[in-house]
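Report on the structure given below.
The values are calculated or read from the model by the stated rules, or taken from the named source; none is laboratory data. Bear in mind that the values here come from a model prediction, so they are computed numbers and not experimental data. Methodologically, a virtual Cβ is constructed for each residue, glycine included, from the backbone with ideal geometry; neighbour enumeration extends over all protein chains shown.
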Amino acid sequence: MPVTPTSPAAPTPAPEPGADHTVGPGLEAVVRLVDGAVAIAGRPVLRGIDLTVSRGDFVALMGANGSGKSTLVRALTGLRPLTTGSLELFGHRLEHFDEWRRVGFVPQRTGAASGVPASVWEVVASGRLTRRRLLRPLGRADRRAVADALEVVGLADRARDGVSQLSGGQQQRVLIARALAGEPELFFLDEPTAGVDLPNQHALAASLARLKERGATVVLVAHELGPLAPLVDRAVVMRDGRVVYDGTPLADHEVHQPWLGEAHSHHHATHRDRARHDHAPHVASPLGTHPEEHHR
Amino acid sequence: MSTLELFSLPFMQRALIAAVFVGLAAPVVGTYLVQRRLALMGDGLGHVAVTGVALGLLTGTSPTWTAVVVAVLGAVLIEVIRERGHTNGDVALALLFYGGLAGGVLLTGLGGQSASRLQTFLFGSITTISVADVVTTMVLAAVVVILGVGLSPQLFAVAQDQEFARVAGLNVRAYNLLVAVMAAVSVTVAMRTVGLLLVSALMVVPVATSQQLTRSFRTTLVAAMALGTVASLGGLVISALVPAGTSVSPGPTIVLLALAGFVATWPVGVWLRHREQLRAPFPVDPDAPDGAVAPLCPEVVPGPADHRHDEEHVDHDHGPDCGHVAVPHGDHVDYVHDGHRHAPHGRHYDEH
């Protein structure tokens, strides 16, 4: 399916690198994070993050591995608690936010297959849980939303197939359809293109273009944009747990320019393992607490 | 004694009722355990429940209820360890399991009970089940089935993807605890039928069997319940019908019958999966000109070298019944032929 060419974002003047992205008058802030910080097992990972996403934005969180972009998306969904700062979703502070039906989360692909077979339709239908009441069967509106979500990602003909029969890229599209089935207004996608072959990246871009046309707000984590590049209105580049750029989209190669790192002090050399970027040392013990398991 | 007379005996009828309820309930929980890759959790809870049984024997209270209480406590503890624990939490679980088994054997000895009394719980004694135990079994099994089937959308979502479930606003911890408690309850319910050491088989083997042939969660769950009931009833009937003089206990018969079902379906599952793999569509190159799924035939446009006519070694027309594997490729079908991919094009075949 060809990617619908969409015009770039509203012609705002390109802010300076590191400048605050301010919301224009009349635009509702869907996500507002002020001075956010995240610590994993007591070690600061994200520091001093200000991020405001307004309705209809298509934001790409970019940066090298270990720069904290996935942690930021997990903090924005409430999966990772903030140590300081305040987070508002749709104008409500996270502690009081209970309209999870307005949020669609697409985690990294690992969760698509499990120990028991599940059909594509069943996985997508589980996205309706945000709108279903306990012990009620699926209604007509639910079935229509599931069918519509499958159609958007182009997998309507695979609905009855098992998820494990699909390729990695198709599984990623199933996860997008699952989020879509809940008819949310705000989407968070964690590395949707990682490890996905080129044809599926194009199919993914086509699905996201459909979401954008419908006025959805999208925040996605991407190491490289690839076919998604024409959709992105705004790029936020992370480096070592801080935002170093927030403004008009950058080409993939620009993200990794050395000047983007100048916004923070130079202490890279102290990191022994740059590639893995361990946030907390691992201490193995049968009954010990996993440092990664402290969320919510 | 004729077969009919045998099945009209009260103890046999109680055993049959218990077998049906246990066969229905155990695979329900087993499905969620297998989905979360915790297939051995039932086994571990069975070990923990041994201590509960021994406590009941020691204090003179009903071993079924003390086993339920201890197994539920053990299940909650396992769930807490699993939630907060490190990746090698299985070591912690092992510690708990062996503690449960050793504690049970020690307590039975302290209480002056003979090993054979404990053995009826370890390996089952469905034919000695009392009326009160049958009622308990029916009630607990019904609760497990109703919760496990009624809450299946929520339990499925939580077991499939915890992070997604959490962002969807589900109370993941509560649902995880519910599955653990349901597992503990079904362990003790099945204890009189197949015994604590074999209970996990009735939870897991029907699920393993049904997922050889199924592609969706719902059919896996329903088929596992059916298989569990068949195995449970069938094992009991087989052990009752053996000629006099031989002694066949129902518990192991039920488990071996369930395993026989798995052995019978496994090759079918292997074959089905292999066939699906062969017939998975070939990928389509999105950058191909004019949306063509493969380079155009050189008869139309001079094309790249990897694309050739191939007429020589095709001695028949490829079609739905030609015997070659047909694989969808974009808007047409490729036929796999001696390691080649033949796509019909006019009156000849193209190499794709």
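If a residue has to be small (Gly, Ala, Ser), assigned to a loop (DSSP other than H, G, I, E, B) and at pLDDT below 60 to count, how many in the range A:232-274 make the cut?
The initial filter retains those residues of the range A:232-274 that are small (Gly, Ala, Ser), namely A:235, A:241, A:247, A:251, A:261, A:263, A:265, A:269.
Narrowing the set further to residues that are assigned to a loop (DSSP other than H, G, I, E, B) leaves A:241, A:251, A:265.
Restricting the remaining residues to those that are at pLDDT below 60 gives A:265.
Matching residues across the range A:232-274 total 1.
List the residue pairs whose Cβ atoms are under 8 Å apart, where the first residue sits in the range B:210-223 and is within 9 Å of another protein chain (Cβ to nearest Cβ), the second is among the charged types (D, E, K, R) and assigned to a loop (DSSP other than H, G, I, E, B), and the two are 6 or more positions apart or on different chains.
Partner pairs satisfying both residue conditions: B:215/A:160; B:215/A:161; B:216/A:160.
Given the criteria closer than 18 Å to residue A:184 by Cα, β-branched (Val, Ile, Thr) and either in a strand (DSSP E or B) or at pLDDT 95 or above (or both), does residue A:30 qualify?
Values: closer than 18 Å to residue A:184 by Cα: yes; β-branched (Val, Ile, Thr): yes; either in a strand (DSSP E or B) or at pLDDT 95 or above (or both): yes.
Spelling it out, residue A:30 is indeed closer than 18 Å to residue A:184 by Cα, β-branched (Val, Ile, Thr) and either in a strand (DSSP E or B) or at pLDDT 95 or above (or both).
Could you check the range A:171-183 and list, in sequence order, the residues that are more than 10 Å from every other protein chain (Cβ to nearest Cβ), of a type outside the set (A, V, I, L, M) and farther than 17 Å from residue A:228 by Cβ?
Answer for the range A:171-183, where residues must be more than 10 Å from every other protein chain (Cβ to nearest Cβ), of a type outside the set (A, V, I, L, M) and farther than 17 Å from residue A:228 by Cβ: A:171, A:183.
Which members of the range B:123-161 meet the condition of being facing chain A (nearest Cβ under 8 Å) and without any contact (Cβ under 8 Å) to a residue 60 or more places away in the chain?
Here is the first cut: in the range B:123-161, the ones facing chain A (nearest Cβ under 8 Å) are B:150-151, B:153-154, B:156-157, B:159-161.
Correct list: B:150, B:151, B:153, B:154, B:157, B:161.
For residue B:97, state whether it is at the interface with chain A (Cβ under 9 Å from one of its Cβ atoms), buried (at least 18 other Cβ atoms within 10 Å of the Cβ), closer than 22 Å to residue B:35 by Cβ and under 23 Å from the mean Cα position of the chain (by Cα).
Details: at the interface with chain A (Cβ under 9 Å from one of its Cβ atoms): no; buried (at least 18 other Cβ atoms within 10 Å of the Cβ): yes; closer than 22 Å to residue B:35 by Cβ: yes; under 23 Å from the mean Cα position of the chain (by Cα): yes.
The answer is no for residue B:97.
Take the range A:78-120 and flag every residue that is over 30 Å from residue B:212 (Cα atoms), more than 8 Å from every other protein chain (Cβ to nearest Cβ) and part of a helix (DSSP H, G or I).
A:94, A:95, A:96, A:102
Restricting to the range A:151-199, count the residues that are in contact with a Pro (Cβ under 6 Å, 6 or more places away or on another chain) and surrounded by fewer than 19 Cβ atoms within 10 Å (Cβ to Cβ).
1
If only one of B:248, B:237 is more than 14 Å from chain A (Cβ to nearest Cβ), part of a loop (DSSP other than H, G, I, E, B) and at pLDDT below 95, which one is it?
Details: B:237 fails: part of a loop (DSSP other than H, G, I, E, B).
Of the residues listed, the single one that is more than 14 Å from chain A (Cβ to nearest Cβ), part of a loop (DSSP other than H, G, I, E, B) and at pLDDT below 95 is B:248.
State whether one or more residues within the range A:130-145 are touching a Gly at 6+ places or on another chain (Cβ under 6 Å) and either within 16 Å of residue B:161 (Cα to Cα) or hydroxyl-bearing (Ser, Thr, Tyr) (or both).
yes
So, in the range B:178-209, exactly how many residues are within 14 Å of chain A (Cβ to nearest Cβ) and within 10 Å of the chain's Cα centre (by Cα)? Show your work before the answer.
At the first step, the residues of the range B:178-209 found to be within 14 Å of chain A (Cβ to nearest Cβ) are B:178-179, B:203-209.
When the remaining residues are screened for being within 10 Å of the chain's Cα centre (by Cα), the result is B:203-209.
Total meeting the criteria: 7.
Out of the residues in the range B:179-205 that are within 19 Å of residue B:138 (Cβ to Cβ) and polar (S, T, N, Q), state the one that is modelled with the highest pLDDT.
B:186
Output the number of the condition that residue B:194 fails; it satisfies all remaining conditions of (1) free of Cβ contacts under 8 Å to residues at least 12 places away in the same chain; (2) over 21 Å from residue B:37 (Cα atoms).
Condition (1) is where residue B:194 drops out.
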